[in-house]
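Nothing in this text is a laboratory measurement; each read-out follows from the coordinates by a stated rule. Remember, predicted model here, so these are calculated numbers, not experimental data. When we count neighbours, we look across all protein chains shown, and the Cβ atoms used for this are built from the backbone with ideal geometry, even at glycine.
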Amino acid sequence: MAEEMLSPSKEQLKFIIDNSADVAYRRDLRIDHFDYLSPAIEEVTGFSMDEMYAFRTDDMTARVHPDDLGIVPIKFKNLKEVKSVIEYRFKCKDGEYRWLSDSFRILADSHGNPLYRIGVVRNINEHKKAEEALAESEQRYRGIVETAEEGIATHAPDGTFTYVNQRMADMLGYSREEIIGKVESRFRGRQRKGGGDPGRRKR
């Protein structure tokens, strides 16, 4: 009796899926139609469940960002079972592209003929925006550091250089490749001819 109470029922599982922010789906590859979609599909894409049920593969593909078409699998042949996670931009009903993460599995028969694609789609748009903002910030920072008139370096707790800008390399009189990965103390008092006093060091 206790085991039955702990074991999730179909109703409990349905409740969890129906109230998840992620979209669970199953697509019948033999007839090229969804035969199950969870309600979150409307929140994620803007399309109603009925609209999405009518979408064929060509309709879905037409809404994938052109730059992402190369990573979106369209056909599956001679596969017994395939698992994958792909990220792509999907044009939602409002006309905006949103980043989605699609974790899926292809189920095939004993002859390798694909039967179903089952998976979960998650909206990762905000995560991607944060990644892009961070990358832009890092690029701006790197540009400032690279063009600084001061020598700038970073090193590990043991004193090993992990980064030097070109100005620092010029001050020490060595190439960046010769410096990075070496211990800082190795260069003290050993500046090559033409090297100046080291500038700023950052830990």
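Points worth noting:
- Number of Lys pairs (Cα under 30 Å; 8 or more positions apart or on different chains) in the range 9-128: 18
- Placing a pseudo-label 7 Å from each Cα along the Cα-to-Cβ vector at GLU138 and ILE86 gives an inter-label distance of 2.6 nm.
- The range 66-148: GluC sites (Glu not before Pro) in DSSP loop, at most 15 other beta carbons within 10 Å: GLU96
- Shown for ILE71, ILE152: other C-beta atoms within 10 Å of each C-beta, ranked fewest to most, produce the order ILE71, ILE152.
- Evaluated at q = 0.18, 0.19 Å⁻¹, the base-10 log of the normalised Debye intensity for the range 9-128, with identical point scatterers placed on the Cα atoms, takes the values -1.00, -1.11.
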